[in-house]
Amino acid sequence: MASTPVAREVPPPLVSGRPPGPKGRPILGSLLECRRDLLGFLRQCAREYGDVAFFRFMHIPVYVLSHPDDIERVLVTDSAKFVKSRDYRALAAILGDGLVTSEGETWRRQRRLVQPAFHRENILRYARVMVDDTDRAISRWRDDETFDVHQEMMRLTLEIVAACLFGADVSLHSGNVGEAMQVVMENFADFARMAMVLPRWLALPRTSKMSHAMRRLDAALFSIIQERRDAGSAGRARGAPGKGNGETPADLLDLLLQAQDESGGEMDDRHVRDEAMTLFLAGHETTALALSWTWYFLGQHPEVEQKLADELAEVLAGRAPTPEDLPRLRYTNMVLNESMRLRPPAWAIGREVRDPFRAGQFLVPPGTNLLISQWITHRDPRFFPEPERFDPERWRDDPIRRGTLPRFAYFPFGGGPRVCIGAGFAQMEAALILATIAQRFRLSLVPGQSIPLLPSVTLRPMHGIRVTIHKR
Ligand code: HEM
């Protein structure tokens, strides 16, 4: 780990004009390069042209900001000068006015209302669901079996988020709702990818299967919301993954229904639906990816895998992990951190400039798109020596807290006012799942497979990750 991080001391003098960058082609700009190898292209931009680079994606001007100081200003210090970029707004066709897609006063009010549901004491109650669902999933695993671990992690985190959100009202294994959810979920990533490049009306969920599933899901959600409202506090006992004794809110949906702002205002049904859909879709794929990529790295690094198993044996001695164990599972957390450094599940954050903003030596005009990318900054050799090497030891001394690493050299969950609301939930979930599985199984990569990346809204393995499992 670099002991003296590179920070810019005095702001350099402003220069006029655009930052340097690839010239691109007439009309297309750098479209073809982006389509050929988006991650390679962006990294090359930063490497060749520096911390502030410029390219055109067809007619859209894009500034790529790679220095942690600039990233901090976009996400934290000057965050009021930006709105989310158009690819996020396109997702509103599915997510409505939920936290991921809303802006301004609507977003502020919703964030205030939803935030308490993610306070530590509220998310702790989901630990049991996380461990129990994992136990149930691995009870089906057979020694020497081979499968796609990404698919398996997606199935598991989907079950967990459905249970945490809706308790017993939604089972993914039976009935309309579970089925509709699966269809929406499976098509969401494709829709999101389309929405990044097409006008919104073209990218709308047009396939009849998807829109049919959306209608069914909406009808089911509104009816669950209505039932819960009718049942009042009595209904809260139902389906509680935690205590759920009628006084304690049972699941996230109940917390959303009970949320009140300072003036006593509540969410109407439409807002509750939008937030539930947002949490459902934002709340499982990213965590599944963090785990899938962790299995990938563990499969490549048996020495790390052994150290992880040793820690689990020492701290847990074969029993199920609880949230109280997590501070002592230090190496487990270091492994997850390092995995999200090299394979950040959310690999880029886009913003549109509303008020002029200074990045490095350049003044960025309103209307410009900014791209900041975990993929680029997390592998910057100024902050991570030998950046491609998977080395959990980088995280041993908590370099960000100790100030040896700039705060925004590593930002898997974003930062500032729009930081991931589910970060605590996801970190607890990933650690509990990893600890539960790695105690009982070792996963080895099926040899000879290529595991290309698919940078969509999230960073997926294009054809999954095939592993063989071995009982310990
Ligand atoms: C490893 C797992 C996860 C990663 C890497 C991740 C990453 C992120 C990032 C980078 C952002 C900020 C996007 C931006 O600024 O434009 C974000 C926002 C968000 N995330 Fe997560 N996330 C994860 C898990 C979760 C979970 C489990 C939930 C919910 C249960 C969730 C719900 C949200 C929501 C609602 C937002 C929007 C917050 C707002 O704008 O107010 N995420 N996430």
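Quick one: dipole size for the chain, taken about the Cα centre, charges +1 on Lys/Arg Cβ and -1 on Asp/Glu Cβ, in debye to the nearest 20.
1100
What distance in nm separates the two pseudo spin-label positions at SER223 and ARG142, each 7 Å out from Cα along the beta-carbon direction?
The answer from the label model is 3.8 nm.
Give me the aspartates and glutamates in straight-line cross-link reach of LYS84: C-alpha distance below 16 Å, same-chain residues under 8 apart excluded.
Reachable aspartates and glutamates: GLU72, ASP97, GLU103, GLU105, GLU352, ASP355.
For GLU303, what accessible area in Å² do you get when you roll a 1.4 Å probe over the heavy atoms of the protein chains, rounding to the nearest 10?
Taking all protein chains as shown, GLU303 has close to 110 Å².
Tell me, rounded to the nearest percent, the portion of alpha carbon pairs in segment 259-358 spaced more than 19 Å apart.
64
Rank these by accessible area, largest first, 1.4 Å probe: HIS271, HIS119.
So the residues, ranked largest to smallest area, are HIS119, HIS271.
Starting from the Cα of THR106, step 7 Å along the direction of its Cβ; do the same at ASP268; then give the gap between the two resulting points in nm.
1.2
Can you say what percent of the DSSP beta bridges in the chain, counting only those with both residues inside, are antiparallel? Round to 5.
Within the chain, antiparallel bridges account for around 90 percent of the total.
Taking LYS471 as the anchor, which lysines have their alpha carbon closer than 23 Å to its alpha carbon, excluding any fewer than eight residues away along the same chain?
Within the straight-line cut-off, LYS471 pairs with LYS307.
Taking square-rooted eigenvalues a ≥ b ≥ c of the alpha carbon gyration tensor, is segment 125-169 rounded, prolate or oblate, where a/c under 1.5 means rounded and, failing that, a/b exceeding b/c means prolate?
Prolate shape, in that a/c is at least 1.5 and a/b is the bigger ratio.
Under the classification rounded if a/c is under 1.5, otherwise prolate if a/b is larger than b/c and oblate if not, where does the chain fall, given a ≥ b ≥ c as square roots of the Cα gyration tensor eigenvalues?
oblate
Once fully extended, how much extra length lies between ARG396 and GLN182, figured as 0.36 nm per residue of separation less the alpha-carbon to alpha-carbon distance?
Length gained, ARG396 through GLN182: 73.1 nm.
Enter the accessible area per residue of segment 33-99 (Å², integer; probe 1.4 Å; all protein chains in place).
40
Considering only ALA348, ALA359, LEU329, whose Cα is most displaced toward the positive end of the charge dipole of segment 293-372, charges sitting on Cβ of Lys, Arg (+1) and Asp, Glu (-1)?
Projecting each Cα onto the dipole axis, the largest value belongs to ALA359.
Taking H as built 1.01 Å from N, whose amide H comes closer than 5 Å to the amide H of SER85, not counting residues under 5 places away?
Distant-sequence amide H within range of SER85: GLY350, ARG351, GLU352.
At 1.4 Å probe size, with no ligands or nucleic acids counted, give the accessible surface of LYS209 in Å², nearest ten.
Approximately 130 Å² of LYS209 is accessible to the 1.4 Å probe.
Express the carbon and sulfur contribution to the solvent-accessible surface of the chain as a percent, rounded to the nearest whole number, probe 1.4 angstrom.
Answer for the chain is 53 percent, counting heavy atoms of protein chains only.
Keeping every protein chain present and rolling a 1.4 Å probe, give me the accessible area per residue for segment 379-427 in Å².
Accessible area per residue, segment 379-427: 44 Å².
So, with +1 on the Cβ of K and R and -1 on the Cβ of D and E, and no other charges, what is the size of the charge dipole of segment 360-472 about its Cα centre, to the nearest 20 debye?
Using only the charged Cβ atoms, the result is roughly 360 debye.
State whether segment 347-452 is rounded, prolate or oblate according to the following rule on the C-alpha gyration tensor (a ≥ b ≥ c being the square roots of its eigenvalues): a/c under 1.5 gives rounded; otherwise a/b larger than b/c gives prolate, and the remaining case gives oblate.
prolate
Identify, among GLY96, LEU156, LEU113, the residue whose Cα sits farthest towards the positive end of the charge dipole of segment 49-190, taking +1 on the Cβ of Lys and Arg and -1 on the Cβ of Asp and Glu, with the dipole about the Cα centre.
The residue sitting most towards the positive pole is LEU113.
Let me know the whole percent of all Cα-Cα pairs from segment 286-345 that are separated by more than 15 Å.
Taking all Cα-Cα pairs of segment 286-345, the fraction more than 15 Å apart is 51 percent.
With n ≥ 4 as the cut-off for DSSP H runs, can you work out [θ] at 222 nm for the chain, using -39500 (n - 2.57) per run divided by the number of residues, rounded to the nearest 500?
Rounded to the nearest 500, the figure is -14500 deg cm²/dmol.
The values are calculated or read from the model by the stated rules, or taken from the named source; none is laboratory data. Here the structure is a predicted model, which means the values were calculated and not measured. Cβ sites come from the backbone with ideal geometry, for glycine too, and all protein chains shown count toward neighbours. These accessible areas exclude ligands, DNA and RNA; they are computed on the full protein's heavy atoms, side chains included. Shrake-Rupley method; radii C 1.70, N 1.55, O 1.52, S 1.80 Å.
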